[in-house]
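A quick write-up on the structure given underneath.
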Amino acid sequence: MAQSKTVIIGTGSCIPTRSVLNSEFLGHTFFEGYGSAYAQDETAKIVSKFQEITDIAERKYASDDQVCSDLALSAGRQAIAAAGIDPETLDYVIVAHNFGDVRAENRRSDFVPTLAARVKAKLGIASPACVAYDLPFGCPGWLQAVIQANYYLRSGDAKRALVIGAETLSRVSDPADRDSMIYADGAGAVVLEAQTHDGEAGILAHAVRSDTLEHARLLWMGPAFTKTPNDDSQLFLKMHGRKLYEYALTTVPGVVRQALEKAGLTLKDVDKVLIHQANGKMDEAILKRLFKLYGMKEIPADIMPMTVSWLGNSSVATVPTLLDLIVRGRMDGQALKSGDCVVFASVGAGMNINAMVYRWI
Ligand SMILES: CC(C)(COP(=O)(O)OP(=O)(O)OC[C@H]1O[C@@H](n2cnc3c(N)ncnc32)[C@H](O)[C@@H]1OP(=O)(O)O)[C@@H](O)C(=O)NCCC(=O)NCCS
């Protein structure tokens, strides 16, 4: 019997034009922690070590006149154009982000009204029935917004949703912190539609977990390393990198398996893994752990397309941007064909992890 399925009918992304190579950090003085600077002549070694342990050589930053909602709007417009729909037919506009609009000249977070309301207004959507709201959920925010929209569409209460992930991490990065070289800006979007299909199509299943008791403090906002630990005049993104790495390594594979089991599938059925682009080495290690979990030795070379080396970690935007680049044929040797089984997965502040299984049509 034909059932309502949630299907991606359009994708879009906004990759800022300003490219920031690792060499641009050679003028930085990095700190090991509060009050303990590395010697200036160690910076070059730190920057090359950084590339060695993350695979990141370049990242994209928004220009000074852009804010997060501008990037979101651009990606959203592209997804609507690709879907070929009238924006007035959208029932939801959901924007996942974690810091709101942070202007270059004033680093306060601004999300009143919500970024989704700003995007809806600039799309010129008049319909009051199109509900616009934001979702802060760490880096897994975009995927969580897709999961939420799926509930609305599967319930029959809604037919179409625009789901955007947008961030400007460059505006909350501490220049004295080595980890700031990970962070980037960007936006990605999809238009989802409820369609009836006999066979498997669209979103098949998802799984989510939230670890807070011991893990909430792995990613937080804190003062710059050039300040004292309790000088919170300005806050920056801070993390316990290695602990986060270990948490992601040991926990993400299990969540992916949970989602596959709910879809009645195994890793053998998976054609593509689109994973949050946090660190190239970490993502590779997560994939190895996932295959080990299934006792599978051979990892297909093209199963996990990566962008982190040239786009850096733009948080909620990494996965939808990756999807859009593949759909638009802008990733060599990567394509999605009808019938492909795609796993989406993300990890981030919370700590939150989510995974979704999708049948490409
Ligand atoms: C931060 C991170 C890049 C550090 O890499 P790591 O492999 O864990 O590094 P370690 O802490 O084990 O340190 C290994 C070496 O790298 C150095 N190092 C650590 N962080 C570094 C950085 N940001 N830049 C340069 N060198 C760094 C250490 O000093 C150490 O050097 P040594 O071998 O000379 O002693 C990595 O832990 C990471 O990406 N963590 C997860 C990020 C993430 O998932 N974010 C959340 C989702 S947004």
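The values are calculated or read from the model by the stated rules, or taken from the named source; none is laboratory data. All of these numbers come straight from a predicted model, not from anything done at the bench. Cβ placement follows ideal geometry from the backbone for every residue including glycine, while neighbour counts extend to all protein chains displayed. Accessible surface areas use protein heavy atoms only, side chains included; no ligands, DNA or RNA. Shrake-Rupley method; radii C 1.70, N 1.55, O 1.52, S 1.80 Å.
Are any residues in region 336-358 away from the ligand (no atom under 16 Å from the Cβ) and either among the hydrophobic types (A, V, I, L, M, F, W, C) or open to solvent by 40 Å² or more (accessible area, probe 1.4 Å) (or both), and if so, which ones?
Result: LEU336, LYS337, SER338, CYS341, VAL342, VAL343, MET356, VAL357.
Count, please, the residues in region 149-200 that happen to be within 28 Å of GLY280 (Cα to Cα) and among the polar types (S, T, N, Q).
Looking only at that region, the number is 4.
With the checklist (1) closer than 23 Å to ALA224 by Cβ; (2) touching a Ser or Thr at 6+ places or on another chain (Cβ under 9 Å) in hand, flag the one item ASN106 doesn't pass.
The number of the failed condition is (2).
Any residue at all in region 210-226 that's closer than 21 Å to GLY165 by Cβ, in contact (Cβ under 8 Å) with a residue 24 or more places away in the chain, small (Gly, Ala, Ser) and open to solvent by 70 Å² or more (accessible area, probe 1.4 Å)?
Yes - at least one qualifying residue is present in region 210-226.
For region 24-47, which positions are open to solvent by 70 Å² or more (accessible area, probe 1.4 Å) and outside any loop (DSSP other than H, G, I, E, B)?
Within region 24-47, GLU24, GLU32, GLN40, ASP41, LYS45 qualify.
I'd like to check something: does region 328-335 contain any residue that is open to solvent by less than 40 Å² (accessible area, probe 1.4 Å), over 27 Å from VAL7 (Cβ atoms) and in contact with a helix residue (DSSP H, G or I) (Cβ under 6 Å, 6 or more places away or on another chain)?
For region 328-335, residues open to solvent by less than 40 Å² (accessible area, probe 1.4 Å), over 27 Å from VAL7 (Cβ atoms) and in contact with a helix residue (DSSP H, G or I) (Cβ under 6 Å, 6 or more places away or on another chain): absent.
Tell me which of these TYR38 doesn't satisfy, since it passes every other one: (1) under 28 Å from HIS276 (Cβ atoms); (2) touching a strand residue (DSSP E or B) at 6+ places or on another chain (Cβ under 9 Å); (3) within 10 Å of the ligand (Cβ to nearest atom).
If we test TYR38 against (1) under 28 Å from HIS276 (Cβ atoms); (2) touching a strand residue (DSSP E or B) at 6+ places or on another chain (Cβ under 9 Å); (3) within 10 Å of the ligand (Cβ to nearest atom), just (1) comes out false.
Only residues that are in contact (Cβ under 8 Å) with a residue 24 or more places away in the chain and either among the aliphatic types (A, V, I, L, M) or in a loop (DSSP other than H, G, I, E, B) (or both): list them for region 227-247, please.
LYS227, THR228, PRO229, GLN234, LEU235, LEU237, MET239, LEU244
Between ALA201, ALA149, ALA145, which is in contact (Cβ under 8 Å) with a residue 40 or more places away in the chain, over 18 Å from the mean Cα position of the chain (by Cα) and farther than 22 Å from SER309 by Cα?
One residue alone meets the criteria, ALA201.
Among the residues of region 54-87, write down those that are more than 20 Å from the chain's Cα centre (by Cα) and part of a helix (DSSP H, G or I).
If the condition is that a residue be more than 20 Å from the chain's Cα centre (by Cα) and part of a helix (DSSP H, G or I), then ALA81, ALA82, ALA83, PRO87 are the ones that fit.
Restricting region 227-260 to residues that are out of contact with any strand residue (DSSP E or B) (no Cβ under 8 Å at 6 or more places or on another chain) and of a type in the set (D, E, K, R), which is least open to solvent (accessible area, probe 1.4 Å)?
ASP231
Scanning for something of a type outside the set (Phe, Trp, Tyr), assigned to a strand (DSSP E or B) and crowded, with 24+ Cβ neighbours inside 10 Å, does region 194-205 turn up at least one residue?
For region 194-205, residues of a type outside the set (Phe, Trp, Tyr), assigned to a strand (DSSP E or B) and crowded, with 24+ Cβ neighbours inside 10 Å: absent.
Here's the yes/no breakdown for (1) within 16 Å of the ligand (Cβ to nearest atom); (2) under 20 Å from LEU219 (Cβ atoms); (3) modelled with pLDDT of 95 or more:
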{"position": "ASP271", "(1), (2), (3)": "no, no, yes"}
{"position": "HIS276", "(1), (2), (3)": "yes, yes, yes"}
{"position": "PHE291", "(1), (2), (3)": "no, no, yes"}
{"position": "SER309", "(1), (2), (3)": "yes, no, yes"}
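I'd like the full set of residues that are surrounded by fewer than 24 Cβ atoms within 10 Å (Cβ to Cβ) and charged (D, E, K, R), limited to region 178-189.
The answer is ARG178, ASP179.
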